[in-house]
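Right, one structure below, let's go through it.
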Amino acid sequence: MEIRLESLNNSAYDVREEVDDDHVEEIAESLEADGQWNPIIVRPDENGSYDVIAGHTRYRAAERLGWDSLEATVKDLDDTDAEELALKTNLKREPMSKIAEGKVINDILDEHDMTQQELAEQLGKSKKWVSDRVKVALDLEPEVKGLVEEGELSYTLARVVRQVEADRQLEFAKRLIEQSVTNETKATQVRRRFENDTIHTVGYEGREFGEFVELLDEAGVEILVDVRASGDSTYKPAFGADMLAQRLPEHGIDYRHEPELGVHRMIRNPYKDGAVGHDCFESWYDWWLDTEADIDLTELADELVETGTPALMCIEHSPEPTDDQEIYCHRHHLAERLRSVEDDGRRVFPNRSDL
């Protein structure tokens, strides 16, 4: 059926947000040289005109050539079927970006109260195919969507980026590009390191076990690193190493005791009594970490950033002197040493939080 261009509505089911002018020109040249090989697909509207379902680029090419009409196949379709057919035909022809596909899919789901499974079946795709595109279209920040549209960030990596908090997506996306990450597995590893950027410190003095666990849970701590020289706790048995190793996993928190990071009684007691000044105490601890302790801080930092959000635990309530506490806890200095560890020129733990 030949239909005049003036009777065609080319915008109703045009799923592409941007017009590829070069592609329109290519189709115009083909139409001019060989004529129209395939009819466009339309459906009648209530005003006696026709909505273009498939063939939007051919319509623009014909318009550019000054043609009066196009050959069309008329189908009697409801809104849902029309939108699905428009998407199907566009998917089969010049590829749409994954984000553009996601926007159209989401519009269909919202407008027609369909499930992702129902639409997937209609399109002949998997539910995951539909779900992935919707999530990327909805969750990515505009700047990151731009990187995907420009081909700098693959759709596969974008699926990992969307899992990062919105205000950090662009930073993370640029890091993936900078590190030449190409697969989802590696991107997920980089994401874990990227998000695990804070080292916490915590003391149990003056706290009950339930309050202590709640504090860790609120901070998202996944592994507690006990940095006491001894795991014994005579006055607070709930905080003994054996009890912590048994009870913390029940709350989803791993436990790790590193006595080599603790302070020997021979230096701790004089420091607490004021016989050894803080500068001397700090110098001794540096010496201990660098020459005597059988532990590598760079390796420890690397292990912790891969394992989960860490917290360094010792006895003192606060890592620094307060009105009720005259001394520093050595975890203060240890946290700063771990924060100085770098990987590829970046600090492994740029942030610190004292609980």
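Remarks
- Overall dimensions of the stretch 274-314 as given by Cα atoms, namely Rg and Dmax in Å: 13.4, 40
- Inter-label distance, nm, simple model (7 Å from Cα along the C-beta direction), residue 25/residue 353: 5.4
- Between the helical axis of 330-339 and the longest alpha-carbon principal axis of the chain there is an angle of about 30 degrees.
- Dipole moment magnitude, nearest 20 debye, the stretch 246-298 about Cα centre, only Lys, Arg, Asp, Glu C-beta charged: 360
- Helix axis angle, 98-112 relative to the chain longest principal axis, alpha carbon, degrees: 80
- Listed peptides 180-187, 323-330 by packing density, highest first (mean Cβ within 10 Å): 323-330, 180-187
- Dipole magnitude for the stretch 215-355: computed about the Cα centre from +1 point charges on Lys and Arg Cβ and -1 point charges on Asp and Glu Cβ, it is near 360 debye.
- Dipole in debye (nearest 20) - the chain, about Cα centre, beta carbon charges: Lys, Arg +1; Asp, Glu -1: 800
- Taking every protein chain into account, the accessible area of the chain amounts to 53 square angstrom per residue (probe 1.4 Å).
- Accessible carbon and sulfur surface of the stretch 282-355 relative to its total accessible area, %, 1.4 Å: 38
- Note on the stretch 118-255: with neighbouring protein chains present and a 1.4 Å probe, carbon and sulfur make up 43 percent of its accessible heavy-atom surface.
- Dipole of the stretch 1-68, positive end: most advanced residue of 33, 66, 52 [Cβ charges, Cα centre]: 52
- Value of Rg/Rh across the stretch 225-355 [Cα atoms, Kirkwood radius]: 0.95
- Annotation: residue 77 carries an accessible surface of approximately 40 Å², with a 1.4 Å probe and no ligand, DNA or RNA atoms counted.
- Note on residue 211/residue 250: beta-carbon distance plugged into 1/(1 + (r/R0)^6) with R0 of 25 Å gives a FRET efficiency of 0.95.
- Segment residue 178-residue 342, extension gain: residue separation times 0.36 nm, minus the distance between their alpha carbons: 57.4 nm
- The calculated FRET efficiency for residue 278 paired with residue 235, based on their beta-carbon distance and R0 = 22 Å, is about 0.30.
- Cβ-Cβ FRET estimate between residue 155 and residue 126, R0 fixed at 25 Å, reported to 0.05: 0.95
- The accessible area of residue 254, taken with all protein chains in place and a 1.4 Å probe, comes to roughly 80 Å².
- Against the rule of thumb 2.2 N^0.38 Å, how large the Cα Rg of the stretch 145-238 comes out: 1.58
- Packing order of peptides 2-8, 151-157, highest average first: 151-157, 2-8 (average count of other Cβ atoms within 10 Å over each peptide's residues).
- Net charge over other residues, Cβ less than 12 angstrom from the Cβ of residue 128 (K, R count +1; D, E count -1): +4
- Rounded tilt (10° steps) of 169-178 against the dominant C-alpha axis of the chain: 90
- Which listed pairs, of 103/174; 125/145; 75/128, have C-alpha distances above 26 Å, in listed order: 75/128
- Residue 5 paired with residue 195, simple spin-label distance in nm, labels 7 Å along Cα-to-beta-carbon: 5.2
- The C-alpha radius of gyration of the stretch 1-69, expressed as a fraction of 2.2 N^0.38 Å, stands at 1.07.
- Selection among 224, 179, 120 by position relative to the dipole of the chain gives 224 as farthest towards the positive end (Cβ unit charges, Cα centre).
The values are calculated or read from the model by the stated rules, or taken from the named source; none is laboratory data. Only a predicted model underlies this, so the values are computations on that prediction, with no experimental measurement involved. As a convention, Cβ positions derive from the backbone with ideal geometry for all residues, glycine included, and neighbour counts pool all protein chains shown. Quick note on the areas: whole protein, heavy atoms, side chains included, nothing else; ligands and nucleic acids left out. Shrake-Rupley method; radii C 1.70, N 1.55, O 1.52, S 1.80 Å.
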